[in-house]
Amino acid sequence: MSEQKRFTLRMDGELFETIKERAEKNKRSVAKEIELLLETYLEQENKETESSK
(Lines give C-alpha, C1' and ligand atoms only; values in the text may rest on other atoms or scores of the structure.)
Protein backbone atom coordinates (compact mmCIF):
# COMPACT_ATOMS: atom_id res chain seq x y z
CA MET A 1 0.00 0.00 0.00
CA SER A 2 1.27 3.48 -0.76
CA GLU A 3 1.90 6.28 1.69
CA GLN A 4 -1.21 7.57 3.43
CA LYS A 5 -2.27 11.18 2.85
CA ARG A 6 -4.41 13.37 5.09
CA PHE A 7 -6.86 16.01 3.95
CA THR A 8 -10.01 17.77 5.10
CA LEU A 9 -13.26 16.77 3.47
CA ARG A 10 -16.46 18.77 3.76
CA MET A 11 -19.73 17.05 2.93
CA ASP A 12 -23.45 17.32 3.42
CA GLY A 13 -24.55 16.32 6.93
CA GLU A 14 -27.07 13.76 5.69
CA LEU A 15 -24.44 12.08 3.50
CA PHE A 16 -22.06 11.95 6.47
CA GLU A 17 -24.72 10.32 8.65
CA THR A 18 -25.42 7.72 5.95
CA ILE A 19 -21.72 6.89 5.71
CA LYS A 20 -21.39 6.85 9.50
CA GLU A 21 -24.27 4.35 9.78
CA ARG A 22 -22.66 2.12 7.12
CA ALA A 23 -19.31 2.35 8.89
CA GLU A 24 -20.83 1.32 12.23
CA LYS A 25 -22.69 -1.57 10.59
CA ASN A 26 -19.44 -2.72 8.91
CA LYS A 27 -17.31 -2.13 12.04
CA ARG A 28 -15.10 0.43 10.28
CA SER A 29 -14.19 4.02 10.94
CA VAL A 30 -15.88 6.66 8.82
CA ALA A 31 -12.55 7.34 7.11
CA LYS A 32 -12.08 3.67 6.19
CA GLU A 33 -15.67 3.43 4.98
CA ILE A 34 -15.14 6.44 2.69
CA GLU A 35 -11.87 4.91 1.45
CA LEU A 36 -13.61 1.60 0.66
CA LEU A 37 -16.48 3.36 -1.12
CA LEU A 38 -14.05 5.35 -3.26
CA GLU A 39 -11.96 2.29 -4.11
CA THR A 40 -15.07 0.30 -5.03
CA TYR A 41 -16.42 3.11 -7.19
CA LEU A 42 -13.11 3.60 -9.00
CA GLU A 43 -12.64 -0.12 -9.62
CA GLN A 44 -16.14 -0.34 -11.11
CA GLU A 45 -15.55 2.76 -13.23
CA ASN A 46 -12.29 1.29 -14.54
CA LYS A 47 -14.04 -1.96 -15.48
CA GLU A 48 -16.74 -0.06 -17.35
CA THR A 49 -14.17 2.08 -19.16
CA GLU A 50 -12.13 -0.97 -20.19
CA SER A 51 -15.17 -2.89 -21.39
CA SER A 52 -16.31 -0.01 -23.60
CA LYS A 53 -13.01 0.07 -25.53
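The values are calculated or read from the model by the stated rules, or taken from the named source; none is laboratory data. What you see is a predicted model; the values in this text were computed from it and never measured. Cβ: placed from backbone, ideal geometry, glycine included. Neighbour counts: every protein chain shown. Ligands, DNA and RNA are stripped out before the accessible areas are found, and what is left, the full protein with its side chains, is counted by its heavy atoms. Shrake-Rupley method; radii C 1.70, N 1.55, O 1.52, S 1.80 Å.
Per-residue extension of 0.36 nm, minus the Cα-Cα distance of Arg22 and Arg6, leaves a gain of 3.6 nm for this segment. Share of carbon and sulfur in the accessible area of the chain stands at 51%, probe radius 1.4 Å. Relative to the longest principal axis of the Cα atoms of the chain, the long axis of helix 30-51 lies at roughly 10 degrees. Dividing the helix sum by the residues of the chain, where each DSSP H run of 4 or more adds -39500 (n - 2.57), gives a mean residue ellipticity at 222 nm of -22500 deg cm²/dmol.
Selection among Gly13, Asn26, Ser51 by position relative to the dipole of the chain gives Asn26 as farthest towards the positive end (Cβ unit charges, Cα centre). Residues of segment 36-51 with an amide N closer than 17 Å to a point placed 7 Å from the Cα of Leu15 along the Cα-to-Cβ direction: 36-42. Note on the chain: Kirkwood hydrodynamic radius from all Cα pairs is 12.8 Å, rounded to one decimal. Nearest 10 degrees is fine. How inclined is helix 13-25 to the longest principal axis of the chain, computing both from alpha carbons? It is inclined by approximately 90 degrees. A 1.4 Å probe run over the protein chains yields, for the chain, 99 Å² of accessible area per residue, whole-number rounding.
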